[in-house]
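A short write-up of the structure that comes next.
Just so you know, all these numbers are worked out from the coordinates, no wet-lab data involved. Note that this is a predicted model, so its numbers are computed, not measured. Virtual Cβ from ideal backbone geometry, glycine too; neighbours counted across all protein chains shown.
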Amino acid sequence: MYTRIIFTAFAVLVFTSTPAAGSLARTPTPGEATQPSISAAAERVPIEAHTVPVVADSTAQWGEAAPTIKVTALAVKHKAAPKIVTARQHGYSFAVNITGGQAAIDRCDGFVWQDFHASGTVVSAHNTCGGAVILTLDIGDRVTLTGHGAGTYRVTQVKAVPKQTNSSVLGGHLWMQTCYFGKAMLRLVRLTPVD
């Protein structure tokens, strides 16, 4: 009996040939290398098995009748992927260490604290400079700010407004802001302190 092992990217294929009855079987000579066996530590799970006839020049070369080959594909069982904890489950945290206006936002150095006095306050970042996460915030999400405005907040309102909208739209509250991709609109996310 001969065994051939083929390793692929997705499975290990084991070919075992058994010579037909009355045929000549080749026996390895002393010192000749034999085919390796599989001894993987991982559990092997049979996927499917097929019996197929061999059509090859091996009959002429080895002096035996065409054997039947049983093909069994073995897959390796993998451990389950670790559970991914999303930010939505535990809240979002933002370091707000910069103050300024549009020039500070354009430097892409982080989230910028913009104080519009009585109109309200905005924590801003370009969507390509870390601000895209603001596009995923939704009502009820917990947000923690460190640095300027340090504290824990809940998202209580979300709205879209055109770029260059007057700051009076802030209504005297604290908001996070970034631009939508491919639109001339801003996303405003209102933060309300958690008691």
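Within the range 106-144, the set of residues being more than 27 Å from the chain's Cα centre (by Cα), of a type outside the set (S, T, N, Q) and within 20 Å of residue 173 (Cβ to Cβ) comprises 112, 113, 115, 116, 117, 118, 120, 122, 123.
Being surrounded by fewer than 17 Cβ atoms within 10 Å (Cβ to Cβ) and not in a strand (DSSP E or B) is not true of residue 144.
Just so you know, in the range 101-141 the residues that are assigned to a strand (DSSP E or B) and on the phi < 0 side of the Ramachandran plot include one that is surrounded by the most Cβ atoms within 10 Å (Cβ to Cβ), and it is 112. Of the residues making up the range 166-184, those that are surrounded by fewer than 14 Cβ atoms within 10 Å (Cβ to Cβ) and either part of a strand (DSSP E or B) or not charged (D, E, K, R) (or both) are 166, 168, 171, 172, 181, 182, 184.
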